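Engineer: Just dropping this structure here.
The values are calculated or read from the model by the stated rules, or taken from the named source; none is laboratory data. Note that this is a predicted model, so its numbers are computed, not measured. In this analysis, Cβ positions are derived from the backbone assuming ideal geometry, glycine residues included, and neighbour counts consider all displayed protein chains.
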């Protein structure tokens, strides 16, 4: 790349910020799936339906079930 040192540092900061944003969005998505699974478990929904709607694994759902 033909960037000055300052431009390169600014670009690297930009890329690090974007990676951080992606991580935060992914965390929020997972937390939303977990909350949905908890609500479905509380309502007595079947495991297969919870897996289909949340895309969580059976192990993840069963772990949540023990926490309720």
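Engineer: Residue 24 fails exactly one of the following numbered conditions: (1) surrounded by fewer than 12 Cβ atoms within 10 Å (Cβ to Cβ); (2) under 16 Å from the mean Cα position of the chain (by Cα); (3) outside any helix (DSSP H, G or I). What is the number of that condition?
Structural biologist: (3)
This table checks each residue for (1) in contact with a helix residue (DSSP H, G or I) (Cβ under 8 Å, 6 or more places away or on another chain); (2) farther than 19 Å from residue 67 by Cβ; (3) surrounded by 10 or more Cβ atoms within 10 Å (Cβ to Cβ).
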site	(1), (2), (3)
4	no, yes, no
7	no, yes, yes
12	no, yes, yes
18	no, yes, yes
38	yes, no, yes
43	no, no, no
51	yes, no, yes
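Engineer: Which number in (1) within 15 Å of the chain's Cα centre (by Cα); (2) surrounded by 11 or more Cβ atoms within 10 Å (Cβ to Cβ); (3) at pLDDT below 95 marks the one condition that residue 65 misses?
Structural biologist: That leaves (1) as the condition not met.
Engineer: With at pLDDT below 95 and more than 12 Å from the chain's Cα centre (by Cα) as the only criterion, which of 51, 29, 2 stands out?
Structural biologist: Step by step, each of 51, 29, 2 is checked, and only 2 is at pLDDT below 95 and more than 12 Å from the chain's Cα centre (by Cα).
Engineer: Okay, moving on. Out of the residues in segment 53-68 that are in a helix (DSSP H, G or I) and in contact with a helix residue (DSSP H, G or I) (Cβ under 6 Å, 6 or more places away or on another chain), which is farthest from residue 26 (Cα to Cα)?
Structural biologist: Among residues in segment 53-68 that are in a helix (DSSP H, G or I) and in contact with a helix residue (DSSP H, G or I) (Cβ under 6 Å, 6 or more places away or on another chain), the one farthest from residue 26 (Cα to Cα) is 65.
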